[in-house]
Amino acid sequence: MTEYAGILMLLVVAGAMMLTGLPTWLVLIGTALVFAISGVVADVIPAQLFGGVAPRLVGLFENDLLQALPLYVLMGALLNRLPLADTLFRAAMRIMPRGGAAAPLASVLLAGVFAPMNGSVGASVVMLGRSVAPRLEGRVSPARLGALVAASSTLGIVVPPSLVLILLGDALLRAHTEAINVTGRAVQVVNTQDVFRGALVPACAVLLLTLAVTWVLTRVSRDASAPHARPALSRAEAATAVVAVAAIVALLGAVTLGYVYAVEAAAAGGVALFVYGVLTRSITRPVLRAVLRDTIEVTGALFALLVAATMFTLVVRAFGTDRVVAHWLDAMGGGTYATLASGLVAIALCAFVLDAFEMIFVVIPVLVPPMLVHIADPVWIAVLVLLILQASFLAPPFGYATLMVRNVLELRVSVAALGRALLPYVLVQLLVIAVVLAAPGVLWRPDAAAAGSAAPRMSDEDARQLMERQLAPPTDEPRQ
């Protein structure tokens with residue numbers, strides 16, 4: 001029964017987060033320490049387990065990809081403090097036809113451009129709340145305002161090359177490596193670039209469908225008759241908007257297509273935003289101090305979460321909970337889609353409590369490796385995980401984006417009204433999920449990753465036995 005201790009750990013973490021309000025990293029570390037000490041005292045896990053923490057952390061921070069994390073956070077902090085978002089929003093309003101749909105459509109376009117650079121759903125909500133929400137008030141109802149900001153803020157989950165995609169790509173690399181070691185498949189290990197390219201088509205579909213739904217809802221509602229006064233825009237601001245959009249699209253496109261590394265793109269974006277702030281004199285000493293403070297606080301919290309999640313998953317594996325998850329997936333039967341559905345439902349349920357980073361650091365390392373043992377298409381799995389996360393964050397009443405919008409915008413609207421306003425956007429995401437599920441071929445993938453999907457599938461019994469042999473700890477060494 002000790003194998004179920006990891007499940008209990010997840011329940012304890014979820015309960016502690018909801019009841020105490022403590023930082024997630026502190027809850028994870030505290031829970032891991034309590035269960036690890038209890039396991040050692042009960043002689044369930046070896047005391048040498050603690051000696052494996054330092055090497056795991058050293059190996060973790062030797063990953064060059066993590067250099068992009070503070071740079072993405074810096075870009076998000078600059079976007080939240082500089083007037084560039086407001087300038088681009090007014091420029092988008094100028095090119096829209098007169099009518100009530102101009103402002104909502106401009107807000108979605110702005111989110112689509114900035115979402116990959118904001119780094120997180122929370123940062124996107126804050127940015128849209130400052131630059132878009134004041135201009136939408138009076139044009140749309142409070143419920144539609146909240147739904148529009150929430151739906152737009154989740155675009156950063158799937159639009160490459162966002163920080164969520166970078167971290168998920170790294171997590172998938174480790175998970176795919178474990179699955180290959182178990183199955184012995186002769187395939188190339190998935191990398192972050194594969195995830196970027198795989199997410200491109202669904203991201204475009206979600207963005208276009210979100211724009212279409214926003215336009216239709218505005219046309220059929222009373223918002224269509226709202227007055228639309230074209231905002232003032234100087235020639236300098238118009239030129240700034242054109243240059244900014246061209247630079248952002250070129251930079252993000254270069255990363256997605258593999259011409260530029262994510263770290264280089266994040267550094268270039270941070271420098272460009274800082275230069276813009278200096279030239280426009282919008283970076284003052286107080287603003288710079290606030291940007292650096294926000295960057296250090298968020299980066300510190302993310303790295304603390306990464307360390308805590310590493311310790312947490314180490315203890316979970318020491319109890320053997322990962323083997324329990326693998327056995328559950330084996331017991332489901334029903335082939336590929338049954339295994340996939342079980343894993344995705346579990347991820348969706350966890351996403352109602354955890355945000356994207358907590359999901360990537362805590363849940364993905366436990367659930368995804370057993371899924372990849374049975375499903376030899378890591379790009380397909382990665383894209384479905386992204387889409388499930390996006391839909392879960394938007395689903396009321398506990399979706400992360402929904403809660404953030406209610407807190408940041410301080411909306412005085414009922415949960416039922418907000419849920420009705422969110423329903424069309426949730427249906428859009430469910431439609432994209434259904435298409436990707438039914439037709440994996442719609443994803444754009446390198447030949448190596450696509451070839452991996454054609455690898456022969458092992459029987460459930462062979463996969464179960466190989467997973468047990470792979471995960472079983474040696475008798476004279478601590479479990480890793």
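The values are calculated or read from the model by the stated rules, or taken from the named source; none is laboratory data. A quick note: this is a predicted structure, and the numbers were derived from the prediction, not measured. Methodologically, a virtual Cβ is constructed for each residue, glycine included, from the backbone with ideal geometry; neighbour enumeration extends over all protein chains shown.
Values computed for the structure shown
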{"read-out": "Unmet criterion (only one of (1) closer than 27 Å to Arg139 by Cα; (2) modelled with pLDDT of 85 or more; (3) crowded, with 19+ Cβ neighbours inside 10 Å) for Ala199", "value": "(1)"}
{"read-out": "Filter pass, Ala250 being over 20 Å from Leu168 (Cβ atoms), of a type in the set (A, V, I, L, M) and either exposed (fewer than 15 other Cβ atoms within 10 Å of the Cβ) or without any contact (Cβ under 8 Å) to a residue 12 or more places away in the chain (or both)", "value": "yes"}
{"read-out": "Residue in the stretch 328-336 that is touching a Leu at 6+ places or on another chain (Cβ under 7 Å) and either surrounded by 21 or more Cβ atoms within 10 Å (Cβ to Cβ) or among the basic types (Lys, Arg) (or both) present", "value": "no"}
{"read-out": "Single match in Thr218, Thr240, Thr256, Thr210 (criterion: buried (at least 18 other Cβ atoms within 10 Å of the Cβ), among the hydroxyl-bearing types (Ser, Thr, Tyr) and touching a Phe, Trp or Tyr at 6+ places or on another chain (Cβ under 6 Å))", "value": "Thr256"}
{"read-out": "Cβ pairs under 8 Å, 6+ apart, first in the stretch 17-37 and closer than 18 Å to Phe357 by Cα, second among the polar types (S, T, N, Q) and exposed (fewer than 13 other Cβ atoms within 10 Å of the Cβ)", "value": "Val27/Thr20"}
{"read-out": "Selection count, the stretch 144-174, where residues are crowded, with 24+ Cβ neighbours inside 10 Å and in a helix (DSSP H, G or I)", "value": "21"}
{"read-out": "Answer from Val34, Val27, Val58 - the residue that is closer than 30 Å to Val291 by Cα, surrounded by fewer than 15 Cβ atoms within 10 Å (Cβ to Cβ) and either over 22 Å from the mean Cα position of the chain (by Cα) or at pLDDT 75 or above (or both)", "value": "Val58"}
{"read-out": "Residue within the stretch 65-81 that is farther than 25 Å from Val164 by Cα and either surrounded by fewer than 20 Cβ atoms within 10 Å (Cβ to Cβ) or within 20 Å of the chain's Cα centre (by Cα) (or both) present", "value": "no"}
{"read-out": "Any hit, the stretch 372-387, residues being in contact with a Cys (Cβ under 9 Å, 6 or more places away or on another chain) and charged (D, E, K, R)", "value": "no"}
{"read-out": "Unique residue being at pLDDT below 80, outside any helix (DSSP H, G or I) and within 16 Å of Ala199 (Cα to Cα) when the list is Arg412, Arg457, Arg445", "value": "Arg445"}
{"read-out": "Any hit, the stretch 3-18, residues being within 30 Å of Ala268 (Cα to Cα), assigned to a helix (DSSP H, G or I) and among the hydrophobic types (A, V, I, L, M, F, W, C)", "value": "no"}
{"read-out": "Residue match in the stretch 86-97 (condition: surrounded by fewer than 19 Cβ atoms within 10 Å (Cβ to Cβ) and of a type in the set (A, V, I, L, M, F, W, C))", "value": "yes"}
{"read-out": "Selected residue [within 18 Å of Gly270 (Cβ to Cβ) and at pLDDT 75 or above] from Leu109, Leu82, Leu136, Leu145", "value": "Leu82"}
{"read-out": "Residue that is modelled with pLDDT of 80 or more, of a type outside the set (Ser, Thr, Tyr), touching a Pro at 6+ places or on another chain (Cβ under 7 Å) and farther than 20 Å from Val435 by Cβ, where the choices are Leu372, Leu387", "value": "Leu372"}
{"read-out": "Every pair of residues 6+ apart whose Cβ atoms lie under 9 Å, when the first sits in the stretch 162-176 and is touching a residue at least 12 places away in the same chain (Cβ under 8 Å) and within 10 Å of Ala262 (Cβ to Cβ) while the second is among the charged types (D, E, K, R) and crowded, with 24+ Cβ neighbours inside 10 Å", "value": "Gly169/Asp194"}
{"read-out": "Test: Arg135 is under 30 Å from Val413 (Cα atoms), surrounded by fewer than 22 Cβ atoms within 10 Å (Cβ to Cβ) and touching a residue at least 40 places away in the same chain (Cβ under 8 Å)", "value": "yes"}
{"read-out": "Test: Leu57 is farther than 29 Å from Ala106 by Cα and either of a type in the set (D, E, K, R) or in a helix (DSSP H, G or I) (or both)", "value": "yes"}
{"read-out": "The listed residue being more than 27 Å from Pro23 (Cα to Cα) and without any contact (Cβ under 8 Å) to a residue 12 or more places away in the chain, out of Arg323, Arg281, Arg289, Arg293", "value": "Arg281"}
{"read-out": "Glu3 being surrounded by 14 or more Cβ atoms within 10 Å (Cβ to Cβ) and among the acidic types (Asp, Glu)", "value": "yes"}
